[in-house]
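The structure appears right after this line, and notes come after that.
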Amino acid sequence: MTKKILISLMLLFSITFSGFACDICGCGVGSYYLGILPEFNKRFIGLRYQHKSLQTHLGPLGQRTPITADETYQSAELWGGWNIGSRFRILAFVPYNFNKRESQTGNGTKNGLGDIALMGYYKLLDHSGTLGERLLVQSVWIGGGIKVPTGKYEPSERLAIQESPNNFQLGTASTDFTLNAAYDIRYNDLGLNTNVNYKINTENKYNYRYGNKLTANMLAYYKFRLANVVTVAPNAGILYETADKDVENNKYNVAVSGGYSLSAVMGVEVAMKGLSFGANYQNVRSQDLAEGRAKAGNRVMVHMSLPF
């Protein structure tokens, strides 16, 4: 059992720290940040709200210019999960996006359905025992998924603004795939949760392919149980995203794309019978996006879910 645990951990962290990629950290065309999932035995359905901001058209040294744009990306997302037996889990995400751009050269908005995603997981490891007199629980989930092009993509956006990331879209117009892994270890009420998502993008019919995307987060948490009715779990950790360049016509790298960001995350999860909710704040501590021509702001996510 110990050997199996070590092999699983090595697999998970080799995925996490290899060289991967993303589309400007999830603004505009989707993000796969999961964090700590709500507790549920069979199924859950809920809503998530995310707020992100991005500055584009920055100068060569990252300074504001007369054509700098302030972009805001909000999404209201219907999400749900379904456990099939004790080993299989399916997650689904249906986002509705609200994009806004403000600049001296003009303002714009785009509202509408985003790209729907479906992920499947298999529980590779499920171990519980004791360490001293305390309970020690570990689990490893691995899986894959698909994202379908249900969100509107406007090729004119890319053609009109060559020196800005092609991010002000509701969808990517491409069918994309994900590889997923999750590891959770809990020593009594103190735990550590890690999620890794690697998104493999394909070229859309407009000969544009977004760079593949890695999202990886690690959160430490502690569960406080109140009167055996409510569980409150404050958590804190890091979120890392990294990106390769987008590609046009299957050979030309897009200069204003790619990069990385590292954020500190702080949040809380609350679970009670019949209802779970939570929130987190993501503070960007380090970044280099689109060769310094874009800058991501801090982010907020809130969610609620109903197990059934």
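Bear in mind that the values in this text are calculations on the coordinates, not laboratory data. Fair warning: this is a prediction, and the values are worked out from it, not measured in the lab. Positions of Cβ are backbone-derived with ideal geometry, glycine not excepted, and every protein chain shown enters the neighbour counts.
Determine whether residue 147 is among the basic types (Lys, Arg), crowded, with 20+ Cβ neighbours inside 10 Å and out of contact with any helix residue (DSSP H, G or I) (no Cβ under 9 Å at 6 or more places or on another chain). Walk me through how you get there before you give the answer.
Numbers: among the basic types (Lys, Arg): yes; crowded, with 20+ Cβ neighbours inside 10 Å: yes; out of contact with any helix residue (DSSP H, G or I) (no Cβ under 9 Å at 6 or more places or on another chain): yes.
Yes.
What pairs come out if I take residues in segment 276-303 that are under 23 Å from residue 253 (Cβ atoms) and touching a residue at least 12 places away in the same chain (Cβ under 8 Å) and pair them with residues that are among the charged types (D, E, K, R) and not in a strand (DSSP E or B) whose C-beta lies under 8 Å away, six or more apart or interchain?
Pairs that qualify, where the first residue is under 23 Å from residue 253 (Cβ atoms) and touching a residue at least 12 places away in the same chain (Cβ under 8 Å) and the partner is among the charged types (D, E, K, R) and not in a strand (DSSP E or B), are 293/163.
Taking residue 173, is it assigned to a loop (DSSP other than H, G, I, E, B), under 21 Å from residue 243 (Cα atoms) and of a type in the set (Gly, Ala, Ser)? Before the answer, list the steps.
Working: assigned to a loop (DSSP other than H, G, I, E, B): yes; under 21 Å from residue 243 (Cα atoms): yes; of a type in the set (Gly, Ala, Ser): yes.
The answer is yes for residue 173.
Quick one: count up the residues across segment 222-249 that are touching a Lys or Arg at 6+ places or on another chain (Cβ under 6 Å) and not β-branched (Val, Ile, Thr). Working first, answer last.
Here is the first cut: in segment 222-249, the residues touching a Lys or Arg at 6+ places or on another chain (Cβ under 6 Å) are 231, 233, 247.
Checking the rest, the ones that are also not β-branched (Val, Ile, Thr) come to 233.
So the count comes out to 1.
When the residues of segment 125-144 are filtered to those that are surrounded by fewer than 19 Cβ atoms within 10 Å (Cβ to Cβ) and of a type in the set (A, V, I, L, M), which remaining residue is farthest from residue 202 (Cα to Cα)?
131
If I filter segment 250-267 for residues that are part of a strand (DSSP E or B), among the β-branched types (Val, Ile, Thr), in contact with a Gly (Cβ under 8 Å, 6 or more places away or on another chain) and more than 22 Å from residue 181 (Cα to Cα), do I get at least one hit? Outline the logic, then answer.
Taking segment 250-267 first, the residues part of a strand (DSSP E or B) are 252-253, 259-267.
From what is left, the residues that are among the β-branched types (Val, Ile, Thr) are 265.
Among the residues that remain, those that are also in contact with a Gly (Cβ under 8 Å, 6 or more places away or on another chain) are: 265.
Imposing the further condition that a residue be more than 22 Å from residue 181 (Cα to Cα) reduces the set to none.
No, because not a single residue in segment 250-267 is part of a strand (DSSP E or B), among the β-branched types (Val, Ile, Thr), in contact with a Gly (Cβ under 8 Å, 6 or more places away or on another chain) and more than 22 Å from residue 181 (Cα to Cα).
Report every pair of residues separated by at least 6 positions or lying on different chains whose Cβ atoms are under 7 Å apart, first residue within segment 142-161 and over 30 Å from residue 87 (Cα atoms) and in contact (Cβ under 8 Å) with a residue 24 or more places away in the chain, second loosely packed, with under 15 Cβ neighbours inside 10 Å and hydrophobic (A, V, I, L, M, F, W, C).
Sorted first by the residue in segment 142-161, then by its partner, the pairs are 151/113.
When residue 90 is evaluated against the numbered criteria (1) assigned to a strand (DSSP E or B); (2) more than 30 Å from residue 185 (Cβ to Cβ); (3) not acidic (Asp, Glu), which criterion, by number, is the only one it fails?
Unmet for residue 90, out of (1) assigned to a strand (DSSP E or B); (2) more than 30 Å from residue 185 (Cβ to Cβ); (3) not acidic (Asp, Glu): (2).
Matching residues to (1) more than 18 Å from the chain's Cα centre (by Cα); (2) among the small types (Gly, Ala, Ser):
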{"position": "215", "(1), (2)": "no, no"}
{"position": "241", "(1), (2)": "no, no"}
{"position": "256", "(1), (2)": "yes, no"}
{"position": "264", "(1), (2)": "no, yes"}
{"position": "269", "(1), (2)": "no, no"}
{"position": "300", "(1), (2)": "no, no"}
